[in-house]
1. So what's the Cα pair-distance distribution over the chain, bin width 5 Å, in %?
2. Of all alpha-carbon pairs in region 80-146, indicate the percentage at a distance above 21 angstrom.
3. What is the distance, in nm, between label points placed 7 Å from the Cα along the Cα-to-Cβ direction at E87 and at L104?
4. Determine the alpha carbon to alpha carbon distance for each of K72/K121; K52/K88; K22/K106 and list only those over 27 Å.
5. Top mean-square fluctuation among K106, K90, K52, Gaussian network model of the chain, C-alpha springs under 10 Å?
6. What number results when the radius of gyration of region 33-92, computed over Cα atoms, is divided by 2.2 N^0.38 Å?
7. Could you state the principal axis extents of the C-alpha atoms in region 1-74, from the largest down, to the nearest angstrom?
8. Using a Gaussian network model on the chain with a 10 Å cutoff between Cα atoms, which of F69, F85, F32 fluctuates the most?
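Quick note: the coordinates plus some simple rules give every number you see, no bench work behind them. Given the structure is predicted, the values throughout are model-derived calculations rather than measurements. With ideal geometry, Cβ positions are generated from the backbone for all residues, glycine too; neighbour counts draw on all protein chains shown.
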Amino acid sequence: MELTVYLAGQIHDDWRQQLKAKASERNLPIVFVGPQENHEDSDNIGEAILGKQPGNLQKDDAASAINNFRTKVLMQKSDVVIALFGEKYKQWNTAMDAATAITLNKPTIIVRPESLIHPLKELSNNSNVTVENIDQALEVINYCFL
């Protein structure tokens, strides 16, 4: 068995690479997918495909449409969604992705620090599992292979 895992969450640090490395060390049969991790490419994809837009609103709207298309395709093909909430960055995209995963009835793991227990209580209550770090998230997935 092989699992496809969508990694939702901020793209400003290397948490995805850390998780992938730990899964590789365990030889877990996992394919990881997720959002465009290059922030500039993500912000500019609308103009890259559709051409120069007349203003920032249209530029953001075009990029959003294409990024949402990518997210929907990859999330629907995923077996599991891990949504990481960190302390440092705004988490609007992560919250949207977690809610989408839950709505799609995807098995969902929320990763959040203790400081975010209260603001994420509804998402945590609707996800399948809530953990405090990526190691615990990987342990949950590893349990599927035992």
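1. 2, 9, 19, 21, 19, 14, 8, 4, 2, 0, 0
2. Everything past 21 Å amounts to 16 percent.
3. Taking the two extended label points, one gets 3.1 nm.
4. K52/K88
5. Taking springs between Cα atoms under 10 Å, the residue moving most is K52.
6. Computed over Cα atoms of region 33-92, the ratio equals 1.26.
7. Principal-axis extents of the Cα atoms in region 1-74, largest first: 49, 25, 16 Å.
8. Among F69, F85, F32, the largest GNM mean-square fluctuation belongs to F69.
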